[in-house]
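The values are calculated or read from the model by the stated rules, or taken from the named source; none is laboratory data. What you are looking at is a predicted structure, and each value in this text was computed from that prediction instead of being measured. Positions of Cβ are generated from backbone atoms using ideal geometry, with glycine treated the same way; all protein chains shown enter the neighbour counts. Heads up: the accessible areas ignore ligands, DNA and RNA and are worked out on the full protein's heavy atoms, side chains in. Shrake-Rupley method; radii C 1.70, N 1.55, O 1.52, S 1.80 Å.
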Amino acid sequence: MRTHDRLHAMPRIPLASTPTPLQPLDRLTRTLGGPRCWIKRDDLTGLATGGNKTRKLEFLMADAQARGADCVITAGGPQSNHCRQTAAAAARMNMQCHVLLGGQPDGPALGNLLLDQLLGAEVHWVQPSERRLAMDELASQLRAQGHAPYVIPIGGSNAIGALGYVLAMFELEEQLRRLDLHVDTIVFATSSGGTQAGLMLGARLVGFAGTLLAVSIDQLPDDESDFKFAEHIRHTASCAAELLGESIAPDEFRPEINYDFLGDGYGVVGCLEPDAIRLLARTEGILIGPVYTGRAFGGMLELIGRGAIRQDQSVLFWHTGDETTLHAYSNDLAE
Ligand SMILES: *Cc1c(COP(=O)(O)O)cnc(C)c1O
């Protein structure tokens, strides 16, 4: 069976409205004086607004169902887009969703935290460093009570989740072919790595010749951290390939990750993000969020300014969907 057929034969629950629009950013392109800019609107995947986690959840929730799960457990930050989309997916599938949020409640519930509540998720507050352990502990407790929990890793970033972005790369390739469009560089935010692993594998399978440039939101280079992020991405891509019957060693993948825009850390808004958010909003009427897409888009603008992305090229920004967090950051964004 061809890989593409295998991918379509994998268990998947349709949760996303796809294909998501691929749109030209003409006014932005004119304002910058190049490169030619495009946007892939995964903010419009349509599950409790949208975002990149919905594509992963199509495969993860199918796996949960196949294993007879009656509830799901996942974790993230208080403004996690992944938790919001998981809560919505669980609601659609009539499953209880437990979200473990790193931190503690402060003030009224805003942004994704409010949406988690509205979507019926049970919120548990834990120490950020203990989220993984706490998920396993909660799973044991629920099992002891007769439930069948399914644990989804942070960001949905394992081999099964990554299949969502393998499929997305097939989708993009088809759109590019129809429009007879050439893209030199695809820029996107990376954090738990599943999106990047899936895109890299997908690019290899469809023969995408351009560059996949990930802007790290919070991960350090492998030689500066005990958590080997790039290695984790290569491993995830290799495991995802194996699910599709392809044997590709981790070392054959070369993730390209830019670490220049970490600022003062995860969720800490500097100057980069508000300027980027305003520019895209005021040229194109498109909203991006302060934590992921604002940082990645701001990084892209700076790389264009430096000439690292050339102005005679064509660049696609992959919108991964986090504008639901804007209100929670009004202190950083309001004028
Ligand atoms: C989770 C997330 C990302 C990063 O995707 P990973 O697969 O975790 O690397 C990027 N953008 C947004 C809006 C996200 O919520």
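Within the range 56-102, how many residues turn out to be more than 19 Å from the chain's Cα centre (by Cα) and either within 16 Å of the ligand (Cβ to nearest atom) or at pLDDT below 95 (or both)?
0
With a cut-off of at least 2 residues that are in contact with a Lys or Arg (Cβ under 6 Å, 6 or more places away or on another chain) and either open to solvent by 10 Å² or more (accessible area, probe 1.4 Å) or in contact (Cβ under 8 Å) with a residue 24 or more places away in the chain (or both), name the strands (runs of 3 or more DSSP E) lying wholly within the range 1-111.
Because the criterion is at least 2 residues that are in contact with a Lys or Arg (Cβ under 6 Å, 6 or more places away or on another chain) and either open to solvent by 10 Å² or more (accessible area, probe 1.4 Å) or in contact (Cβ under 8 Å) with a residue 24 or more places away in the chain (or both), the strands (runs of 3 or more DSSP E) in the range 1-111 that meet it are 96-102.
For the range 304-326, how many residues meet the condition of being without any contact (Cβ under 8 Å) to a residue 60 or more places away in the chain and either open to solvent by less than 20 Å² (accessible area, probe 1.4 Å) or part of a helix (DSSP H, G or I) (or both)?
2
Answer yes or no as to whether ARG282 is loosely packed, with under 14 Cβ neighbours inside 10 Å and either touching a Cys at 6+ places or on another chain (Cβ under 7 Å) or not in a helix (DSSP H, G or I) (or both).
It is false that ARG282 is loosely packed, with under 14 Cβ neighbours inside 10 Å and either touching a Cys at 6+ places or on another chain (Cβ under 7 Å) or not in a helix (DSSP H, G or I) (or both).
Here's a check for you: in the range 200-231, which residue that is part of a helix (DSSP H, G or I) and in contact (Cβ under 8 Å) with a residue 40 or more places away in the chain is most open to solvent (accessible area, probe 1.4 Å)?
ARG204
Report the residue count in the range 39-54 for those that are away from the ligand (no atom under 12 Å from the Cβ) and of a type outside the set (D, E, K, R).
Of the residues in that region, 5 qualify.
Which residues, counting only those in the range 233-255, are open to solvent by less than 20 Å² (accessible area, probe 1.4 Å), outside any helix (DSSP H, G or I) and closer than 13 Å to HIS4 by Cα?
Hit for the range 233-255 is LEU244, nothing else.
Looking only at the range 256-272, count every residue that is crowded, with 18+ Cβ neighbours inside 10 Å, touching a residue at least 60 places away in the same chain (Cβ under 8 Å) and of a type outside the set (Val, Ile, Thr) and tell me the total.
Total meeting the criteria: 1.
In the list GLY294, GLY263, which residue meets the criterion of being within 16 Å of the ligand (Cβ to nearest atom) and over 19 Å from the mean Cα position of the chain (by Cα)?
Being within 16 Å of the ligand (Cβ to nearest atom) and over 19 Å from the mean Cα position of the chain (by Cα) holds for just one of GLY294, GLY263, which is GLY263.
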